[in-house]
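Chemist: Right, I'll just put the structure down here and ask away after.
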Amino acid sequence: MKIVFAFIILFFTSAFRFDKDPVILQIGGENITLAEFRYVYEKNNSNPDIAYSEKSIREYLDLYINFKLKVQEAYAQQMDSIQDVRREFEVYQKQLSKPYLSENKVTDELVKQAYERLKEEIHASHILVKLPPNATPADTAAAYSRLKEIRRRAMANEDFGNLAAEYSDEPAAKTSKGDLGYFTALQMIYSFEDEAYRTPVGQISEICRTGYGYHIIKVHKRRTSNGSIRVAHLMLRHPANGTKDDSTAVLSRIKEIERRMRNGENWNNLCATLSEDVGTRDKNGELEWFTAGNLIQPFEEAAFGLQNAGDISPAVQTPYGWHLIKMLERKPLEAFKSLEPVLKKKVSKDSRSELNKIYFIKKLKKENEFDENKKAKEWIADQVTPSLLEGNWRFNRSEKNLEKNIFQIKDQKYLLKDFMNYLEKNQKKNLGKDAKQYAMNVYETFINESLMTFEEKNLESKYPDYRYLLKEYREGIMLFKIMEQNVWGKSLSDEAGLRKYFEENQNKYRMNSLAHAVIYDVNSEETLLRLKEELKKEVFPNPSANYSDCKFSLNSDVISEVETSNLNAVLTLMLASDTAAIVELNTYSLPNEKADISKKRIEAVKKYFSNMNITSKRIAEKDLGKLTAAQAKQKGNKGGIEIKMYSKSKKMIEKLLNQANPLALKITEGKFEKGKSDIVNNTNWTVGEHKISVKDRIYLVIISKIEPERAKKLDEAKGQAISDFQNYLEKQWLEKLRGKYKVTVNEDEVQKLIRK
C-alpha cells in the first residue's frame, strides 16, 4: 500500500493554478484548470512518441477523474480533519519545506568541486590537536600555538610520522604515525578534505580547523581514482543454519572450481552449472557496472584488485557465501551529468553543507530585512554568570532591558526576554568553558532558528508552487485513508465477499502440475553408480562425525564427566546439526567381566539420551560380546561403548561422496512446478528415475509423486485473489462515485490538447 501511495503522490502533484485559465474539468464543486491538467499530464507522460496523442490524453484524463472523485468523497467525509491524517500531513509538510529552506547555489558549486576531486585519490598523514567546538578563546589560542610549533618543526624536516606518534591527539597515531592511507572527495570532513586537496605532494598544509580540533596534513602521493568496473562472479552460498562442517564443505567446493578454472575449464560452463546465484548464473555470472562503495567491501576489494580483462580472483568470502570474480572491463569516472544527482545527495549530508547554511542565513537576513540592536550582545553578556555552565542559571526577571528589542525580522520584533527564556530553557552543562562565549554561541543559534521559523511560516505566501504542492500532498494522504477504508481494508475484512468473488472467478486460479522430486547432480558416471548403491540403504553413515570422540569406557552404570562430554558432542549433532540422525550403541566387555555389564552400560546411555529428549526410535543397540585377550589389550583392557552415527537424510550421501571431490554431488529436494525447473522439465513428468545430461553434468531425477493440474484453494491463491478482489471493489466504488458527483469535461479544451 505504501508503494501505491507514493505513486499517487507522484502521479497527481500539480503546479500553479491560474484563476483566469480555462477550466477543463468540473468534478463535484471543484474546477480543474487547463494549466493544472497540462502540468500533471506532462510530468507523468514524458514519452515523446505518445505525448498528446488522443489515446494518451483520454487514458490519463480517465485516471485523473478517478483520483479527483475519490478525493471529493474524502473531503465529504471530513478526512482532512482526522488527527492521524493531520499529523501525517505535518510530517510531509516538514519534508516538502526543506528545498525552500536551503540555498542551491552553494550546493551546485560544491557538487562540481567534489566531482573534480573524485578524479584523484590522496595518500596523506595528519597531526591532530584536539579542541572542542565550544572552546574558550584562551583554550583555542593555546591549541593553535601548540600545533603551530609542531608544524614549524615538521617544516624544518623533522620526521612527520615521528611527530605524529609523539604529539598527535588521534588515538591511533602512536602506531599509525598519523597515516590515513588513500582517500578521495566526500570521505573526510570538508575543511580537512579542502586543505588536503590544496596541498601539493610532499608539502605540509596550513593549520585547518574541524569539529575535532586543529590539524596539519602532509600529502605523500596522488593517484588517479578507480572508475567503474564490470565483473562476473560464480557464487556458492553459505547453507542456511549451516554447521562449521557445511562451511568447510562450501570452501572446498569453491577451491575445486577455482582449480578447474586455472586448468583451463570454461568459465561460462562452470558458472551455468555450479553457481548458486540464480540471478546471474544464466548470464555467465555477469553483474552490472559498479563503483567503489556500491557493493560489499570484501567483494569490491577483490574486484578492484584485478588488473586485466579475464583475470580471476582467488576465492572471496562475503556474508552471502564464497565467490570467484572475473574481470570483464573497466571505464573511467562517469560524466558529471550522470553523477550529479548522487553527488548532490552526498553533499547535502556532508559537513560542507554548513557552508550552505551560512550562505542561506545571510540571504534570509537580507530578504527579510533583519535588523539587530548593536547593544544586544552587551546586555546578554551582562546577564550571564558562571552558573550557566553548570546548567542551573536563571535570568533576572526584573531586569529593565527585558522589553527592549534585540533584533527584528521584517515587522516581527524579538525582545531580550525572548532570548533569555530561550537561553534558560536550552542551557546545558559546559564546565570549563567561558560563560559569555557560550551565551554568544546560543544567541547566534537563536537568531538562525528565528530566521528559519519566520521563513517557514511564510513559505505558502511566498511560493505559490509550494502552496499547491501542499494541497496535493494533503489530498494524497486523504486518498490513502479513504482507499484503505473502501478498498484495501475491506478486501481483508470481508472474508465472505472475498470467498464469493473467488468462487465466481475460479478459472483464474489454477495450480500447475507439481512433481515431488529429488535432483541428484553428479560429475561422472562413476559417481552416479556410487550414488545408486548408497540410495539402496535405509540409513546413511555420517562422515562428519568424529568417531574417536564418540568412544568411551564405561565400567559401571555411572557416566563420568569425560564420558558426559563425549556424549554431549553426539547430542549436538542429533539435536542441532542433523535432526534425522540415529545412533548405534556398540557394547563390548572384557573376558573377565560379568555377563550383565553390557546391559548396564546400554541402559545408562539410553537414560542419558532420554533425559535429553532423544526417543528410543533413534537408538539402535548392538552387543559385540566379549573381547579376546588381544582385543582387550588393544583397547587398554577397558570395556565400553562405541557410538556410530547414521542419518536418514540424503545429505549424508552428499557429504560422503564429496569427501574426495567437493563437486562430485549436489542434492536438491522439493516440489517442482511444471515449467519452473529446467532439469525436472526435461523428464517425461512421470513417477520414477530419469537420467539427464547437461554439458558436463549428469542429473538423476527421482520423482516420487505427481500432483495433476487443478484449481487452487483459496488459501493457495490468497495473495492474487485479494489483489483481484481489491480491483473489483475499487471499480464498484468508482461507479457509485460517478453517480454521486457530477463530472463535466470541457471537450473543446480537451481537443486543443490533442495533437493531430
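Chemist: Checking A302 against (1) assigned to a loop (DSSP other than H, G, I, E, B); (2) in contact (Cβ under 8 Å) with a residue 12 or more places away in the chain; (3) of a type in the set (G, A, S), only one condition comes out false. Which one?
Modeler: Among (1) assigned to a loop (DSSP other than H, G, I, E, B); (2) in contact (Cβ under 8 Å) with a residue 12 or more places away in the chain; (3) of a type in the set (G, A, S), A302 violates only (1).
Chemist: If you don't mind, there's one more thing I want to ask. If E749 satisfies every condition in (1) at pLDDT below 90; (2) out of contact with any Lys or Arg (no Cβ under 9 Å at 6 or more places or on another chain) but one, which is the exception?
Modeler: (1)
Chemist: Still on this model: Does region 486-504 include one or more residues that are assigned by TED's automatic domain parsing to the domain that holds L700, among the charged types (D, E, K, R) and not in a helix (DSSP H, G or I)?
Modeler: Within region 486-504 (the criterion being assigned by TED's automatic domain parsing to the domain that holds L700, among the charged types (D, E, K, R) and not in a helix (DSSP H, G or I)), the answer is no, since none of the residues qualifies.
Chemist: Find all pairs meeting these conditions: Cβ atoms under 9 angstrom apart; at least six residues apart or on different chains; first residue within region 20-38 and under 12 Å from Q72 (Cβ atoms); second residue in a loop (DSSP other than H, G, I, E, B) and at pLDDT below 90.
Modeler: I32/S14; I32/R17
Chemist: Residue under question is T615, and the condition is that it be among the polar types (S, T, N, Q), surrounded by fewer than 16 Cβ atoms within 10 Å (Cβ to Cβ), outside the structural domain of E669 (by TED's automatic domain parsing) and within 30 Å of T248 (Cα to Cα); does it hold?
Modeler: No, not satisfied.
Chemist: Next question, about the same structure. What residue, of E378, E403, E399, E369, is on the phi > 0 side of the Ramachandran plot and more than 45 Å from the chain's Cα centre (by Cα)?
Modeler: Of the residues listed, the single one that is on the phi > 0 side of the Ramachandran plot and more than 45 Å from the chain's Cα centre (by Cα) is E369.
Chemist: Suppose we filter E36, E90 for residues that are surrounded by 12 or more Cβ atoms within 10 Å (Cβ to Cβ) and of a type in the set (D, E); which single one remains?
Modeler: Being surrounded by 12 or more Cβ atoms within 10 Å (Cβ to Cβ) and of a type in the set (D, E) holds for just one of E36, E90, which is E36.
Chemist: Given the conditions (1) in contact (Cβ under 8 Å) with a residue 60 or more places away in the chain; (2) surrounded by fewer than 17 Cβ atoms within 10 Å (Cβ to Cβ); (3) assigned by TED's automatic domain parsing to the domain that holds A303, and given that V250 satisfies all but one, which numbered condition is not satisfied?
Modeler: Against the list (1) in contact (Cβ under 8 Å) with a residue 60 or more places away in the chain; (2) surrounded by fewer than 17 Cβ atoms within 10 Å (Cβ to Cβ); (3) assigned by TED's automatic domain parsing to the domain that holds A303, V250 comes up short only on (2).
Chemist: If you take the residues of region 495-520 that are in contact with a helix residue (DSSP H, G or I) (Cβ under 8 Å, 6 or more places away or on another chain) and charged (D, E, K, R), which of them is nearest to E709 (Cα to Cα)?
Modeler: The residue in question is K508.
Chemist: Then there is this: Evaluate the following for A272: is it over 21 Å from K695 (Cβ atoms), in a helix (DSSP H, G or I) and touching a residue at least 60 places away in the same chain (Cβ under 8 Å)?
Modeler: no
Chemist: Okay, moving on. So which residues in region 397-426 are within 23 Å of E455 (Cβ to Cβ), touching a Leu at 6+ places or on another chain (Cβ under 9 Å) and polar (S, T, N, Q), if there are any at all?
Modeler: If the condition is that a residue be within 23 Å of E455 (Cβ to Cβ), touching a Leu at 6+ places or on another chain (Cβ under 9 Å) and polar (S, T, N, Q), then N405 is the only one that fits.
Chemist: For the structure I just gave you, tell me whether Y64 is assigned to a helix (DSSP H, G or I), surrounded by 17 or more Cβ atoms within 10 Å (Cβ to Cβ) and free of Cβ contacts under 8 Å to residues at least 60 places away in the same chain.
Modeler: Yes; evaluated as a whole, the condition is true for this residue.
Chemist: Could you pull out every one of the helices (runs of 4 or more DSSP H) wholly within region 93-192 that has 1 or more residues that are closer than 30 Å to S348 by Cβ?
Modeler: 104-118, 137-155
Chemist: Determine if region 371-382 includes at least one residue that is in a helix (DSSP H, G or I), among the acidic types (D, E) and surrounded by fewer than 16 Cβ atoms within 10 Å (Cβ to Cβ).
Modeler: yes
Chemist: Would you please name the residue that is nearest to F299 (Cα to Cα), looking only at residues in region 250-288 that are touching a helix residue (DSSP H, G or I) at 6+ places or on another chain (Cβ under 6 Å) and of a type outside the set (A, V, I, L, M, F, W, C)?
Modeler: Among those residues, the one meeting the criterion is G285.
Chemist: Could I ask something else about it? Do we find that L101 is at pLDDT 90 or above and surrounded by 14 or more Cβ atoms within 10 Å (Cβ to Cβ) in this structure?
Modeler: No: the conditions fail for L101.
Chemist: Something else about it: Does any residue in region 408-435 that is at positive phi and assigned by TED's automatic domain parsing to the domain that holds E455 come within less than 8 Å, Cβ to Cβ, of a residue that is in a helix (DSSP H, G or I) and surrounded by 12 or more Cβ atoms within 10 Å (Cβ to Cβ) six or more places away or on a different chain, and which pairs are these?
Modeler: K410/F454; G432/L389
Chemist: Take the residues in region 505-520 that are surrounded by fewer than 17 Cβ atoms within 10 Å (Cβ to Cβ) and outside any helix (DSSP H, G or I); name whichever of them is farthest from the chain's Cα centre (by Cα).
Modeler: The residue in question is N505.
Chemist: On the basis of being out of contact with any His (no Cβ under 9 Å at 6 or more places or on another chain), at pLDDT below 90 and surrounded by 13 or more Cβ atoms within 10 Å (Cβ to Cβ), does Y414 make the cut?
Modeler: In short, no.
Chemist: Within region 195-204, is there a residue that is touching a Ser or Thr at 6+ places or on another chain (Cβ under 8 Å), closer than 30 Å to R281 by Cβ, of a type outside the set (G, A, S) and in a helix (DSSP H, G or I)?
Modeler: Looking through region 195-204, none of the residues is touching a Ser or Thr at 6+ places or on another chain (Cβ under 8 Å), closer than 30 Å to R281 by Cβ, of a type outside the set (G, A, S) and in a helix (DSSP H, G or I).
Chemist: What number of residues in region 310-333 are touching a Leu at 6+ places or on another chain (Cβ under 8 Å), surrounded by fewer than 20 Cβ atoms within 10 Å (Cβ to Cβ) and of a type in the set (V, I, T)?
Modeler: Counting residues in region 310-333 that are touching a Leu at 6+ places or on another chain (Cβ under 8 Å), surrounded by fewer than 20 Cβ atoms within 10 Å (Cβ to Cβ) and of a type in the set (V, I, T) gives 1.
The values are calculated or read from the model by the stated rules, or taken from the named source; none is laboratory data. Computed from a predicted model, the values in this text were never measured in an experiment. Cβ atoms come from the backbone with ideal geometry, glycine included; neighbour counts cover every protein chain shown.
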